[in-house]
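**Student:** First the structure, which I've put down as structure tokens, then a few questions once you've had a look.
The values are calculated or read from the model by the stated rules, or taken from the named source; none is laboratory data. No experiment lies behind these values; they were computed from the predicted model shown. With ideal geometry, Cβ positions are generated from the backbone for all residues, glycine too; neighbour counts draw on all protein chains shown. Heads up: the accessible areas ignore ligands, DNA and RNA and are worked out on the full protein's heavy atoms, side chains in. Shrake-Rupley method; radii C 1.70, N 1.55, O 1.52, S 1.80 Å.
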Amino acid sequence: MSASFPPQIPASAPFSPVQRLWLDGYLAGIFAAQGLATNNAPGGQLTTSGEAKPKPRVLVMYASQSGNSEELASEFGEKLTAAGFDAPVIGTEDHTEIELGNESHLLIVSSTWGEGDPPDNAVEFWDLLKSDNHPRLENLHFAVLGLGDSNYLDFCAMGKLFDARFEALGATRITARGDCDTDFEEPAANWLNTVLGELSSLSDASTSAAEPDKATISANSAPAYDKKNPFPARLLMNRRLNAEGSARDTRHFEIELTGSGLSYEVGDVLGVYPHNHPQCVDELTAALAFDGDQIVTLPDGEQITLRRALLERFDIRNVNRPLLEAWAPACDSELLRKLLADDSDASAIESYLWGREIIDLVNEHRPRFASPEDFLALLRRIGARLYSISSSPKAHPDEVHLTIARVEYEAHDRRRLGVCSSFLSDRVYPEGEVNVFLQTAKHFKLPTDLNTPVIMVGPGTGIAPFRAFLEERRATEAAGLNWLFFGNPHEANDFLYRDELEVMIEDGTLQRFDTAWSRDQETKIYVQDRMREAGAELWKWLTEGAHFYVCGDAKRMAKDVDDVLHEVIAEYGGKSASETAAYVADMKKSKRYQRDVY
């Protein structure tokens with residue numbers, strides 16, 4: 001048989017990318033059966049060069065704020081590779097390394113930040129993608145998986161925006177967009193199963209290799225204890241950090257990890273599964289006329305008392321639009337019907353939902369449930385709360401520390417308590433158990449070069465990861481300088497970790513420490529004001545390669561700090577607005593500007 005056989009498939013042949021790849025594979029199988037190795041050349045030429053046939057390429061991208069999207073994308077890449085694909089995984093911040101117009105297949109996993117905004121690592125990519133002059137993508141086949149929290153009105157907003165934009169640019173969906181709530185593992189695995197089924201004709205792998213095991217996704221390198229199997233840890237310490245007279249109640253918790261096999265790095269987060277307040281449970285069962293001792297069957301088949309189910313298994317506090325939509329048929333409420341009927345006024349629902357809990361729904365819109373199971377079917381599983389770790393494992397082996405503000409407020413003439421903050425503060429005593437798991441935060445890490453200077457901005461409980469950073473820098477004898485901005489209402493009552501920080505100044509761990517006590521004078525002063533005052537020195541540190549970190553409130557503080565950072569770079573760096581934006585974008589891309597905001 002001559003080297004010119006099999007014949008060429010002209011590039012102009014009327015085949016879609018999927019059909020072309022399928023035909024290449026089909027012909028390759030025929031010739032392989034005759035003992036001929038084939039190669040799919042760029043122009044569609046099948047040759048007998050003896051080279052291996054290239055694997056079909058499926059690019060996986062992630063837009064991630066807390067690390068969940070990045071972790072899922074990495075797992076998807078591993079599953080696709082095992083199924084016979086070339087599946088590179090990149091963050092959206094590295095979009096310049098690829099050319100979307102040359103890609104045939106793309107999976108994108110995206111979280112949502114703020115009020116429907118892209119995560120930090122996706123801002124530049126999204127701005128480029130939504131620009132009016134972005135090239136068409138008719139040759140691209142794509143699928144989008146969004147991660148979010150249905151308690152927010154902008155649930156999976158960026159996933160929806162990416163999905164709509166790719167369609168508007170002419171790309172073709174591989175499968176429908178997936179929208180995942182806080183318990184995303186199983187729906188994410190189901191979504192990937194569907195994607196792999198649609199892509200199966202592109203791969204020479206067997207069907208079994210292309211079907212991920214739902215039970216093992218997220219568990220390839222996971223420890224024995226994880227989100228699905230939390231570790232029952234002992235609470236060693238619960239200490240109030242605010243002095244007497246403070247209007248705030250910030251707690252320092254120490255939790256033992258001995259025997260768990262769990263390990264973490266500074267910058268990581270701890271997930272805590274809380275229990276609901278017993279008083280809330282009893283009030284709810286009484287209002288619904290249910291017997292708390294009645295045995296109920298949960299959706300997974302578990303049989304326990306209704307009271308225990310409401311204490312430990314279900315979210316009995318948060319009300320969101322999906323719950324309102326499910327609640328309306330169970331009651332006779334004209335108000336709910338009007339709210340849900342008007343899709344044009346999202347602010348009306350947002351205003352109604354503020355401060356309301358499920359007990360308010362019961363009292364204001366009396367439902368009719370045939371059984372407790374019908375009520376439970378409307379509820380979400382109680383979710384873990386994620387907290388920035390405030391300790392270094394080098395300073396506190398087999399322990400993890402948290403810095404948490406206890407939440408308490410009034411709404412609709414009722415006293416409200418934060419579910420997890422009150423659980424830890426009020427109902428778990430030293431030596432009591434707390435179910436926990438660790439989550440890596442790849443987006444929030446100290447520089448690997450110990451000579452690199454570090455600037456940290458963390459008012460209030462935002463100081464948590466920076467206590468850990470400073471402990472780590474001291475333990476590793478890092479030569480790089482450390483600068484901390486910290487703020488709170490009053491120096492006398494709200495100076496968190498004062499004794500520890502003063503020791504760090506004395507021993508040389510903390511070279512510069514700027515504080516902002518917002519209510520100790522007539523004019524309020526915040527950390528961003530201290531940054532502005534120290535602008536010349538701040539710019540000097542940045543030019544010397546300092547990494548800049550922010551932790552805390554996303555809506556106000558983080559935005560204000562970002563604005564002042566731009567001001568400082570523009571003024572002391574002598575840069576235009578566009579040059580400043582490019583400088584900040586480069587800081588983010590090179591991991592010199594990292595944020596842990598909430």
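**Student:** Rank these by accessible area, largest first, 1.4 Å probe: Arg380, Arg251.
**Tutor:** Arg380, Arg251
**Student:** When we measure straight from the Cα of Lys559, which lysines land under 26 angstrom away, once same-chain ones fewer than 8 places off are left out?
**Tutor:** By straight Cα distance, Lys559 reaches Lys130, Lys160, Lys442, Lys445, Lys524, Lys540, Lys575, Lys588, Lys589, Lys591.
**Student:** Working from the alpha-carbon coordinates of the chain, get Rg over Rh, Rh being the Kirkwood radius.
**Tutor:** 1.01
**Student:** So between Asp154 and Glu373, what do we pick up on full extension, going 0.36 nm a residue minus the alpha carbon distance?
**Tutor:** Fully extending the segment from Asp154 to Glu373 adds 75.9 nm.
**Student:** Mind jotting down the distance between the C-alpha centroids of region 455-497 and region 175-195, whole Å?
**Tutor:** 38 Å
**Student:** Determine which lysines satisfy two conditions relative to Lys228: a Cα distance under 19 Å, and not lying fewer than 8 residues away in the same chain.
**Tutor:** Answer for Lys228, where 19 Å is the Cα cut-off: Lys214, listed by chain and number.
**Student:** If you don't mind, there's one more thing I want to ask. Based on Cβ point charges of +1 for Lys and Arg and -1 for Asp and Glu, what charge dipole magnitude is obtained for the chain about its Cα centre, in debye rounded to the nearest 20?
**Tutor:** The dipole magnitude comes to about 600 debye.
**Student:** Not counting ligands, DNA or RNA, and with a 1.4 Å probe, what is Thr476's accessible surface area in Å² rounded to the nearest 10?
**Tutor:** For Thr476, the solvent-accessible surface is approximately 40 Å².
**Student:** Using a Förster distance of 30 Å, how high is the FRET efficiency between Ala247 and Asp300, based on the Cβ-Cβ distance and rounded to 0.05?
**Tutor:** 0.10
**Student:** Which far-off residues, 5 or more places away or on another chain, put their amide H under 5 Å from the one on Val454, with H placed in the peptide plane?
**Tutor:** Answer set, sorted by chain and number: Leu481, Asn482, Trp483, His547.
**Student:** A follow-up question, please. Can you tell me, using C-alpha contacts under 8 Å and at least 6 residues apart, the relative contact order of region 286-383 as a whole percent?
**Tutor:** In percent, rounded to a whole number, it is 39.
**Student:** Still on this structure, I have one more. If I stretch the segment between Glu138 and Glu325 completely, what's the gain in nm (0.36 nm per residue apart, minus their alpha carbon distance), one decimal?
**Tutor:** 63.6 nm
**Student:** From the mean inverse distance of alpha carbon pairs (Kirkwood) and the Cα radius of gyration, derive Rg over Rh for region 110-184.
**Tutor:** Over the Cα atoms of region 110-184, Rg/Rh equals 0.98.
**Student:** With θ taken as phi - 60° and the coefficients 6.51, -1.76 and 1.60, list the Karplus ³J(HN,Hα) couplings across region 445-450 in order, rounded to whole Hz; mark glycine and proline as x.
**Tutor:** 10, 5, x, 6, 7, 5
**Student:** Helix 278-287 versus the longest principal axis of the chain: what angle, 0 to 90°, nearest 10, using Cα atoms?
**Tutor:** 80 degrees
**Student:** Follow-up question, since we're still on this one. Could you give each residue of region 371-384 its phi-based ³J(HN,Hα) in whole Hz, using Karplus coefficients 6.51, -1.76, 1.60 with θ = phi - 60°, and x for Gly or Pro?
**Tutor:** Result, ordered by residue: 7, x, 4, 5, 5, 4, 5, 8, 8, 8, 4, 5, x, 6 Hz.
**Student:** If contacts are Cα pairs under 8 angstrom and at least 6 residues apart, what is the relative contact order of region 318-449 in percent?
**Tutor:** Once divided by the residue count of region 318-449, the mean separation gives 17 percent.
**Student:** Within the chain, what percent of beta bridges assigned by DSSP are antiparallel, to the nearest 5?
**Tutor:** Within the chain, antiparallel bridges account for around 50 percent of the total.
**Student:** Taking only Cα atoms, what is the 0 to 90° angle, nearest 10, from helix 464-475's long axis to the longest principal axis of the chain?
**Tutor:** Around 80 degrees separate the two axes.
**Student:** Please give, to one decimal in nm, the separation of the simple spin-label points placed at Glu364 and Glu115, each 7 Å out from Cα toward the Cβ.
**Tutor:** Those two pseudo-labels are separated by 2.1 nm.
**Student:** So, one more: Quickly estimate the mean residue ellipticity at 222 nm for the chain, helices only: each DSSP H run with n ≥ 4 gives -39500 (n - 2.57), and the total goes over all residues, rounded to 500.
**Tutor:** The helix contribution divided over the chain gives -9000 deg cm²/dmol.
**Student:** Any chance you could give the angle, 0 to 90 degrees and rounded to 10, that helix 185-199 forms with the longest Cα principal axis of the chain?
**Tutor:** 10 degrees
**Student:** Could you work out the relative contact order of the chain? I mean the mean sequence separation of Cα pairs under 8 Å and 6+ apart, divided by the number of residues, in percent.
**Tutor:** Relative contact order for the chain comes out at 12 percent.
**Student:** Still on this structure, I have one more. Test of understanding: what is the full-extension gain from Lys591 to Asp499, defined as 0.36 nm times their sequence separation minus their Cα-Cα distance?
**Tutor:** Taking Lys591 through Asp499 to full extension adds about 30.0 nm, to one decimal.
**Student:** Please list, in chain and number order, the residues 5+ apart from Ala405 or on another chain whose amide H is under 5 Å from its amide H, with Hs placed from the backbone.
**Tutor:** Arg251
**Student:** Between Ala286 and Arg415, what is the label-point separation in nm under the 7 Å Cα-to-beta-carbon projection?
**Tutor:** 1.5 nm
**Student:** While we're looking at this one, here's another question. Let me check I have the definition right: for region 270-325, take the eigenvalues of the Cα gyration tensor, multiply each by 5, take square roots. What are those semi-axes in whole Å, largest first?
**Tutor:** So the equivalent ellipsoid measures 18, 16, 14 Å along its semi-axes.
**Student:** Can I ask one more? Compute the distance in nm between two label points, each set 7 Å from the Cα along the Cα-to-Cβ direction, one at Ser263 and one at Asp86.
**Tutor:** Once both label points are built, they end up 3.5 nm from each other.
**Student:** Looking at region 402-514, what % of its DSSP beta bridges pair antiparallel, to the nearest 5?
**Tutor:** 35 percent
**Student:** Let me ask another. Per 10 Å bin, what is the whole-percent P(r) computed from every C-alpha pair distance within region 421-552?
**Tutor:** Calculated over all Cα pairs of region 421-552, the distribution is 11, 37, 34, 16, 3 percent.
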